[in-house]
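For reference, the structure discussed in these notes is given below.
The values are calculated or read from the model by the stated rules, or taken from the named source; none is laboratory data. What you are looking at is a predicted structure, and each value in this text was computed from that prediction instead of being measured. Neighbour counts are summed over all protein chains in view; Cβ atoms, including those assigned to glycine, are modelled from backbone coordinates with ideal geometry.
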């Protein structure tokens, strides 16, 4: 990988240390670091982009190997913007660049892309954890009080940095650097750079009036675990950009260090979008517009209703079912995509995951809904009965979670798994032992995954409905009885369930609400809520109910 170092002189006579990696003639990405970093904050990102782009990083004034101004005025954002233009003149004088910036680098990046005189210098802008100074003022005037208070709480250090002497002492003593390094999992910042960089806050306090709009395509990456900049503040920039894309990314403030592969991928996708190589999703009127939702067992019942519910809200539905014809019907009704899959087949599920992610995109929500029922006393269940119900009800959920959660984690933008369990998960019976066992396992699996995947912003919800008007009764297997009796029980169970006056649209609405609220368990129907409450406060009552005779 070809790399070179050079020096660029600023308009006011400072020398900046500039590093260029990649081939001549390739599209140029200029990456600007923040406080209290230097250009090495991009060391993980550069090699992931340099095969396609000519990547330029540099130490901003006062940081790393670049010279520092003698006066506080030298840290004004206008000077920083002039430095950026000087770098552009040196590395890409005759073509626009793709700007990538973090923290204070983003602040000066916003200053540049919102300057009409510089519009032609930028093909796109990807900002991480750094709002425009003008946007901060607008946010303070118009945002909801709750959002303003949250941001104020995270911005405590700005006031602290205005104090004389004490901030310098903490940085020089190593206490501040050690705290930041341990808390954020990054290398200890250089004390000299941190002390010099305090002037960024002091020279620019209260600056940044006006609207400062931009026609440059903007992509904002908002780390969900950012301790300093709230997603609400970053998202508020939408009103100032004609072409705006907001992406929540799992991670902390120093995303370029912790998730360089995600940053590099998002930059590539932004470049592809602005150059017409791909279509980037754009925000619509609702939260679910253009979000991908995959539902297994989508050909009927809960699956079809949930698919419709998300489609009504603008989501792109992927309907997967063992029967391709019913999957196609759901896809037709929702304007989505149909795939045939047997959730019990791990190879088929792996193929489904590969195809969906390649052809539609990594799902934002996966609803593991496919299920079957086997009814009869435990001693009437043969090993084949257990294998059948475990393979679908439990292992089908395992396959869906394992395959799609891995892709959600790799993408880095969070997601949600909905695993359809049942009130049977906490309601023992004498006539559904296998069904209750698998649904209880799904509930516990969901609880385990919820804990494991929380750090990746992947939520997990166990859906626990009671009796619903679906087709599961008519397709259930009844064991321990002859064929005629089994057929009659299927008919009577199907009639009983179909009489239940509970709209499946209510189920869909509850699932959407559970995902939006990231609920661990979503109960549905009176009997589900009652059984769940009894399982917590009076489990003995449920055990006594379980002894009731097997229905005939």
One residue is enough: does region 448-456 have a residue meeting the conditions surrounded by fewer than 18 Cβ atoms within 10 Å (Cβ to Cβ), closer than 29 Å to residue 311 by Cα and in contact with a helix residue (DSSP H, G or I) (Cβ under 6 Å, 6 or more places away or on another chain)? no
Answer with yes or no whether residue 126 is crowded, with 18+ Cβ neighbours inside 10 Å, under 24 Å from the mean Cα position of the chain (by Cα), in the same structural domain as residue 89 (by TED's automatic domain parsing) and touching a residue at least 24 places away in the same chain (Cβ under 8 Å). yes
Only listed residue being surrounded by fewer than 17 Cβ atoms within 10 Å (Cβ to Cβ) and either in a helix (DSSP H, G or I) or more than 28 Å from the chain's Cα centre (by Cα) (or both), chosen from 189, 164: 164
Hits in region 1-29 (condition: in a strand (DSSP E or B) and closer than 21 Å to residue 68 by Cβ): 5, 6, 7, 8, 9, 15, 16, 17, 18, 19
Of the residues 405, 421, 434, which is farther than 21 Å from residue 349 by Cβ, touching a strand residue (DSSP E or B) at 6+ places or on another chain (Cβ under 8 Å) and modelled with pLDDT of 95 or more? 434
When you look at residue 523, is it over 19 Å from residue 293 (Cα atoms), without any contact (Cβ under 8 Å) to a residue 40 or more places away in the chain, in the same structural domain as residue 312 (by TED's automatic domain parsing) and crowded, with 16+ Cβ neighbours inside 10 Å, yes or no? no
Among residues of region 143-161, those that are surrounded by fewer than 16 Cβ atoms within 10 Å (Cβ to Cβ), touching a residue at least 12 places away in the same chain (Cβ under 8 Å) and over 25 Å from the mean Cα position of the chain (by Cα), counted: 2
Quick check: is even one residue across region 96-104 crowded, with 18+ Cβ neighbours inside 10 Å, touching a helix residue (DSSP H, G or I) at 6+ places or on another chain (Cβ under 8 Å), in the same structural domain as residue 229 (by TED's automatic domain parsing) and assigned to a helix (DSSP H, G or I)? yes
Do you know which of the residues in region 367-402 that are touching a helix residue (DSSP H, G or I) at 6+ places or on another chain (Cβ under 6 Å), modelled with pLDDT of 95 or more and within 21 Å of residue 468 (Cα to Cα) is surrounded by the fewest Cβ atoms within 10 Å (Cβ to Cβ)? 394
Right, residue 418: under 16 Å from the mean Cα position of the chain (by Cα) and not in a loop (DSSP other than H, G, I, E, B) or not? yes
Within region 36-79, the residues that are within 20 Å of residue 271 (Cβ to Cβ), touching a helix residue (DSSP H, G or I) at 6+ places or on another chain (Cβ under 8 Å) and either free of Cβ contacts under 8 Å to residues at least 24 places away in the same chain or surrounded by fewer than 17 Cβ atoms within 10 Å (Cβ to Cβ) (or both) are 44, 52
For region 131-161, name all the residues that are within 23 Å of residue 111 (Cβ to Cβ) and not in a helix (DSSP H, G or I). 131, 132, 143, 155, 161
Somewhere in region 253-274, is a residue buried (at least 18 other Cβ atoms within 10 Å of the Cβ), touching a helix residue (DSSP H, G or I) at 6+ places or on another chain (Cβ under 7 Å), not assigned by TED's automatic domain parsing to the domain that holds residue 363 and not in a helix (DSSP H, G or I)? yes
Between 112, 90, 86, which is out of contact with any strand residue (DSSP E or B) (no Cβ under 6 Å at 6 or more places or on another chain) and either at pLDDT 95 or above or assigned to a helix (DSSP H, G or I) (or both)? 112
So for region 326-343 (the condition being assigned by TED's automatic domain parsing to the domain that holds residue 453, in contact with a helix residue (DSSP H, G or I) (Cβ under 9 Å, 6 or more places away or on another chain) and within 24 Å of residue 450 (Cα to Cα)), does at least one residue qualify? yes
